[in-house]
Amino acid sequence: MTRFVADTRRDTKARSPRLSRVRRSPEARALIWLGPSLILILGVVVYPIVILVQTSLDRINLTGLDKGFVGFANFQKLFSQPDLVPVLWNTASWVAVSVTLIMVLGFFVAELLNQRFPFRKAIRLALLVPWAASVLMTAMGFRWIYSFYYGALNPVLQALHLISSPVDWLGTDATFFPSLVIVTVFVSVPFTTYVLLAGLQSIPGEVLEAAVIDGAGRTQVARFVTLPFLRPYIGLAAVLNAIWIFNSFPLVYILNKSNPGYSHDVALTYMYKLAFDTALDMGEAAAMSVVNVMILTVFVILYMRVLRPEDAEAA
Amino acid sequence: MRQSRRATLLFLLAGLVVGALALAPYLQMFLTAAKTANEVQAIPPTLLPEHWDFSNFLTVWTAVPFADYLRSTLIVASGSTVLVLLVGIPAAYYLARFRFRGRRIYLLLMIMTQVFAPASLVIGLFREYIAFGLIDSYAALIIPDAAFNAAFTIWLLHGFFASIPPSLEEAALIDGCSTLQALVRVSLPLAMPGIVTAAIYSFIAAWNEFVVALTILSTEDKKPLTVGISEFLGQFNVDWPHLFAGSLIAIVPVVILFAVIERYLVNGLTAGSVK
């Protein structure tokens, strides 16, 4: 896409009598135009982080009253919980396994939709449904499909002779995690497909033709033409997916709802349970939130690397 | 290059499988919503309803305060959409047209809103709202929904404004317009597809928001659709037909809206990174 980002500052100053009268610095003017969005973001994103840090260093009683500074007591309590390490491990493996599967499947679906065949547009639209629908409601649909007694999955798999007796997919330790990953992949593949498809369509046809004329085979075209063009799209989709999955509170909240304890929890549901469900300890939950914010900070850095801000600025 | 007829058929088959998989859970939700309360508990479950019963789509409005849920969702989604456009349009415009110091820090803040979701900050928000007396108010949902959609809106509109030649505005400036008038009269109409896309995207994101509403709201008639429907799961005997009837009523409008903005979606989500 051609972008016209001339530095209009100088031009307009020279030409417009009005602008030459009002001589504000670009920074002062930026504050007027960007100010409202800055206030919104500072109030809803930055300030809550400050409050989180502050809360994590105070003791908060059951009624929410702040009993004052206690140093790192909340963190000591959190780090001595036997559940913390399993929860962090659940989170890491959930994000890593899901993102890997999403990228592979997303790539195949994008390649498919990049071919010419009838009903392609209709299939693209069908993919929008899991993307647009609330993750919460999709998760409830899957909860029902996975249901031990009434769900559709068990009879279908039994009819196909893939399982001999019904499985309690969400209530069994061994099957909970794969079941969760399947739903995660289901809701994330459409976005990934759209991004990778945009990448595939950005490859100029002449480049592909030239490669074929030069005698490149299918794998060589994929490796030396498609992949280099796709790389920024792959990086971006992978990082955005990882961020979204980490933050997908409703998925685990709904699928794990009837399981006791923390053994299937991930970082966000664990934090939520500490605050509002089981422990009702705001201080410890805030400490967990600070851990989450630190994990997400790593994502911010990763995201900035794939965004390459110097390009973003030129864009 | 013409592909063989066999290849076309193979792609079509694969495509149909992909499409069917994408729709299967929602079809299953629809089939369940069309069953009677008795049939839903049949073991083994029936594939298709024995008696198609669409009354659940009507009775859900009285079984739970569904109209209240819908009203709350509409208030919150519309409010946050208006707010995000009000703050996002000037920001995107200025970013697209002018260079200034501090731009990098601003972009970093944008990135932060995309990474820190409400779910990860909800305890901070909760305590902030207590301090400001915003607990259990619509504003407590409208403000964060707008903030967390600001990045998408600004990335997307930035792309639109950047593609409008500044010479068009300069012409307006020479004719005596102020910068603001030039934006409103010249660039805004040209960026309309972007504004519609940003509005719809923000509306849907707010429509689907769950965790902040779950935490902040306690009054029954202020609850949005997501929280209202999730409460079916807390009951001893889950009323699946009504749960899915309500879910589908909530899903259908956003899918239609999403289809409207389909071609612009990727721009907003990837802008600033890939070109």
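Does B:TYR94 satisfy the condition of being at the interface with chain A (Cβ under 7 Å from one of its Cβ atoms), surrounded by 22 or more Cβ atoms within 10 Å (Cβ to Cβ) and aromatic (Phe, Trp, Tyr)?
Answer is yes for this residue.
Would you mind stating whether B:PHE236 is more than 9 Å from every other protein chain (Cβ to nearest Cβ) and outside any helix (DSSP H, G or I)?
Criteria met by B:PHE236.
Do you know which residues across the range B:97-112 are within 7 Å of chain A (Cβ to nearest Cβ) and either outside any helix (DSSP H, G or I) or without any contact (Cβ under 8 Å) to a residue 60 or more places away in the chain (or both)?
B:PHE98, B:ARG99, B:PHE100, B:ARG101, B:GLY102, B:ARG103, B:ARG104, B:TYR106, B:LEU109, B:ILE111, B:MET112 - these are the residues of the range B:97-112 that are within 7 Å of chain A (Cβ to nearest Cβ) and either outside any helix (DSSP H, G or I) or without any contact (Cβ under 8 Å) to a residue 60 or more places away in the chain (or both).
Here are the criteria: (1) without any contact (Cβ under 8 Å) to a residue 12 or more places away in the chain; (2) over 19 Å from B:SER230 (Cβ atoms); (3) at the interface with chain B (Cβ under 10 Å from one of its Cβ atoms). Tell me which single one A:PHE276 does not satisfy.
Here A:PHE276 clears every test but (2).
Considering only residues that are of a type in the set (D, E, K, R) and at pLDDT 85 or above, which ones fall in the range B:1-49?
B:ARG5, B:ARG6, B:LYS35, B:GLU39, listed by residue number.
Kindly indicate whether any position in the range A:124-138 is at pLDDT below 95, assigned to a helix (DSSP H, G or I) and more than 10 Å from chain B (Cβ to nearest Cβ).
No, because not a single residue in the range A:124-138 is at pLDDT below 95, assigned to a helix (DSSP H, G or I) and more than 10 Å from chain B (Cβ to nearest Cβ).
Looking at the range A:18-38, I want the residues that are closer than 12 Å to B:GLY102 by Cβ and have a partner that is in a loop (DSSP other than H, G, I, E, B) and at pLDDT 75 or above with Cβ atoms under 6 Å, at least 6 apart or on another chain. Which pairs are those?
A:PRO26/B:PHE98; A:PRO26/B:PHE100; A:GLU27/B:PHE100; A:GLU27/B:ARG101; A:ALA30/B:PHE100
Can you name the residue in the range B:162-176 that is surrounded by fewer than 19 Cβ atoms within 10 Å (Cβ to Cβ) and either among the aromatic types (Phe, Trp, Tyr) or not in a helix (DSSP H, G or I) (or both) and, of all such residues, is farthest from the other protein chains (Cβ to nearest Cβ)?
B:ASP175
Could you please find all residues in the range A:162-209 being within 13 Å of chain B (Cβ to nearest Cβ), among the hydrophobic types (A, V, I, L, M, F, W, C) and over 30 Å from A:THR91 (Cβ atoms)?
A:LEU200, A:ILE203, A:LEU208
From the list A:LEU227, A:LEU236, which residue is aliphatic (A, V, I, L, M), surrounded by fewer than 16 Cβ atoms within 10 Å (Cβ to Cβ) and under 26 Å from A:ALA96 (Cβ atoms)?
Exactly one residue qualifies, and that residue is A:LEU227.
Test B:PHE210 against the criterion of being closer than 30 Å to A:LEU307 by Cβ, in contact (Cβ under 8 Å) with a residue 12 or more places away in the chain and either at the interface with chain A (Cβ under 7 Å from one of its Cβ atoms) or touching a strand residue (DSSP E or B) at 6+ places or on another chain (Cβ under 7 Å) (or both), and give yes or no.
yes
Name the single residue, out of those in the range A:139-161 being within 7 Å of another protein chain (Cβ to nearest Cβ) and part of a helix (DSSP H, G or I), that is modelled with the lowest pLDDT.
A:PRO155
Based on this model, can you work out whether B:THR179 counts as among the β-branched types (Val, Ile, Thr), more than 25 Å from A:GLY141 (Cα to Cα) and facing chain A (nearest Cβ under 10 Å)?
In short, yes.
Taking the range B:75-92, which residues are in contact (Cβ under 8 Å) with a residue 60 or more places away in the chain and among the aliphatic types (A, V, I, L, M)?
Once the filter is applied, which keeps residues that are in contact (Cβ under 8 Å) with a residue 60 or more places away in the chain and among the aliphatic types (A, V, I, L, M), the range B:75-92 yields B:ILE75, B:VAL76, B:ALA77, B:LEU83, B:VAL84, B:LEU85, B:VAL87, B:ILE89, B:ALA91, B:ALA92.
Hey, any hits in the range A:163-175 for a residue that's touching a residue at least 60 places away in the same chain (Cβ under 8 Å), in a helix (DSSP H, G or I) and not β-branched (Val, Ile, Thr)?
Checking the range A:163-175: at least one residue is touching a residue at least 60 places away in the same chain (Cβ under 8 Å), in a helix (DSSP H, G or I) and not β-branched (Val, Ile, Thr).
Per-residue answers, yes or no, for (1) surrounded by fewer than 21 Cβ atoms within 10 Å (Cβ to Cβ); (2) hydrophobic (A, V, I, L, M, F, W, C); (3) within 19 Å of B:LYS35 (Cβ to Cβ):
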| position | (1), (2), (3) |
| --- | --- |
| B:PHE203 | no, yes, no |
| B:TRP207 | no, yes, no |
| B:ALA213 | no, yes, no |
| B:LEU225 | no, yes, no |
| B:GLU231 | yes, no, no |
| B:GLN235 | yes, no, yes |
| B:ILE251 | no, yes, yes |
| B:PHE258 | yes, yes, no |
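Just a yes or no: is a residue in the range A:222-232 assigned to a helix (DSSP H, G or I), under 21 Å from the mean Cα position of the chain (by Cα), under 20 Å from A:ALA110 (Cα atoms) and in contact (Cβ under 8 Å) with a residue 12 or more places away in the chain?
yes
How many of the residues making up the range B:113-134 are at the interface with chain A (Cβ under 7 Å from one of its Cβ atoms), closer than 14 Å to A:GLN54 by Cα and surrounded by fewer than 24 Cβ atoms within 10 Å (Cβ to Cβ)?
2
Run down B:THR81, B:THR59 and say which single residue is assigned to a helix (DSSP H, G or I), away from chain A (no Cβ under 11 Å), of a type outside the set (A, V, I, L, M, F, W, C) and surrounded by 18 or more Cβ atoms within 10 Å (Cβ to Cβ).
B:THR81
Which ones in the range B:254-266 are in a helix (DSSP H, G or I) and either of a type in the set (Gly, Ala, Ser) or touching a residue at least 40 places away in the same chain (Cβ under 8 Å) (or both)?
Result: B:VAL254, B:LEU257, B:PHE258, B:ALA259, B:VAL260, B:TYR264, B:LEU265.
The values are calculated or read from the model by the stated rules, or taken from the named source; none is laboratory data. Remember, it's a predicted structure, so these values are computed and weren't measured experimentally. Here the Cβ is made from the backbone with ideal geometry for all residues, glycine too, and neighbour counts use every protein chain on show.
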